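For reference, the structure is listed below as structure tokens.
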Amino acid sequence: MLKWIGIVILAVVLVGFLGFYIWSEQTYSATEELLTKVKIDKDPLIEEKNDWLIFNSEDPNGKGLILYPGAKVEVEAYGYIGKSLSEKGYTVVIPKMPFHIAFLGINESEQIMDDFDESLDWYVSGHSLGGVAAASYAYEHQSDVNGVIFLASYPAKSSDFSEGNLPMLSIYAEKDGLTTGEDIEESKALLPSTATFHQIKGGNHAGFGVYGPQKGDRKASIPVWEQQDEIIQTMNRWMKEH
């Protein structure tokens with residue numbers, strides 16, 4: 001009897017894992033337009049290493065950015081942000097997460113920082129669930145990061161930064177159907193009083209990457225490239241100041 005119970009439990013676990021695996025592989029990929037703009041496979045300054053997509057700079061400014069992807073979003077979808085910031089001097093690393101879920105790779109930042117020989121001032125960032133994971137890492141390693149940048153995201157309640165002074169930037173979009181303005185307003189209680197907030201008028205959730213429409217999101221009233229450029233400009237300006 002116990003043998004059959006064990007077999008049934010194992011079968012349920014295997015079926016559950018298979019279902020999760022199939023769900024996790026139904027990802028959002030970079031659009032053809034993005035891959036035309038950013039030639040990831042042909043650009044000598046872009047490399048893949050240890051499941052990281054790395055955007056090197058020809059003229060490094062001594063600052064590095066680690067960007068955690070949103071759930072089920074392929075790293076290439078953030079290629080325009082990565083390439084554009086690298087052209088401004090930043091070393092940008094976008095790690096591929098296990099099963100495309102950032103919470104399964106929270107400590108990727110530590111491995112990335114350890115792997116780079118040069119001493120960089122590191123910032124951690126993340127889109128949506130990726131931002132929650134990035135904040136979880138930063139909360140436990142506040143002395144290792146220069147700041148946190150949330151892209152349509154906010155920290156979990158277990159990562160309460162309100163009593164600290166770690167520099168933080170929250171970029172959110174007016175028409176985001178997944179991370180709403182109400183979510184951002186509530187998140188302010190978890191961030192330092194010095195945190196900077198920037199709303200992208202007309203932007204939406206999927207516009208923080210370039211991968212097309214996303215289920216549950218609202219339609220943007222501005223082109224995705226306009227939203228991307230505003231994100232890049234805001235990030236660059238803030239990192240220069242911090």
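Data overview
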| read-out | value |
| --- | --- |
| Among (1) surrounded by 13 or more Cβ atoms within 10 Å (Cβ to Cβ); (2) modelled with pLDDT under 95; (3) not small (Gly, Ala, Ser), the one test that VAL15 misses | (1) |
| Which numbered condition GLU140 misses (of (1) in contact (Cβ under 8 Å) with a residue 24 or more places away in the chain; (2) closer than 22 Å to THR194 by Cβ) | (1) |
| Unmet requirement for ASP51, which otherwise passes all of (1) surrounded by 23 or more Cβ atoms within 10 Å (Cβ to Cβ); (2) within 30 Å of PRO213 (Cβ to Cβ) | (1) |
| Flag if LEU169 is out of contact with any helix residue (DSSP H, G or I) (no Cβ under 7 Å at 6 or more places or on another chain) and either assigned to a strand (DSSP E or B) or closer than 22 Å to THR31 by Cβ (or both) | no |
| Of residues in the stretch 185-196 being buried (at least 17 other Cβ atoms within 10 Å of the Cβ) and out of contact with any Lys or Arg (no Cβ under 8 Å at 6 or more places or on another chain), the one farthest from LEU129 (Cα to Cα) | THR196 |
| ASP59 assigned to a loop (DSSP other than H, G, I, E, B), over 14 Å from the mean Cα position of the chain (by Cα), exposed (fewer than 14 other Cβ atoms within 10 Å of the Cβ) and at pLDDT 95 or above | yes |
| Filter result for GLU182 (on the phi < 0 side of the Ramachandran plot, free of Cβ contacts under 8 Å to residues at least 60 places away in the same chain, among the acidic types (Asp, Glu) and surrounded by fewer than 17 Cβ atoms within 10 Å (Cβ to Cβ)) | yes |
| Some residue of the stretch 210-229 being at pLDDT 95 or above, buried (at least 23 other Cβ atoms within 10 Å of the Cβ), in contact with a strand residue (DSSP E or B) (Cβ under 6 Å, 6 or more places away or on another chain) and of a type in the set (A, V, I, L, M, F, W, C) | no |
| Qualifying residue in the stretch 205-213 (condition: free of Cβ contacts under 8 Å to residues at least 60 places away in the same chain and either in contact with a His (Cβ under 7 Å, 6 or more places away or on another chain) or closer than 18 Å to LEU129 by Cα (or both)) | yes |
| Helices (runs of 4 or more DSSP H) contained entirely in the stretch 64-147, each with at least 2 residues that are surrounded by 19 or more Cβ atoms within 10 Å (Cβ to Cβ) and of a type in the set (A, V, I, L, M, F, W, C) | 79-86, 129-140 |
| Some residue of the stretch 26-48 being touching a Lys or Arg at 6+ places or on another chain (Cβ under 6 Å), modelled with pLDDT under 95, within 22 Å of GLN111 (Cα to Cα) and in a loop (DSSP other than H, G, I, E, B) | no |
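The values are calculated or read from the model by the stated rules, or taken from the named source; none is laboratory data. Just so it is clear, the model here is predicted, and its values are computed rather than measured. Using ideal geometry, Cβ is built from the backbone for each residue, glycine included, and neighbour counts are taken over all protein chains shown.
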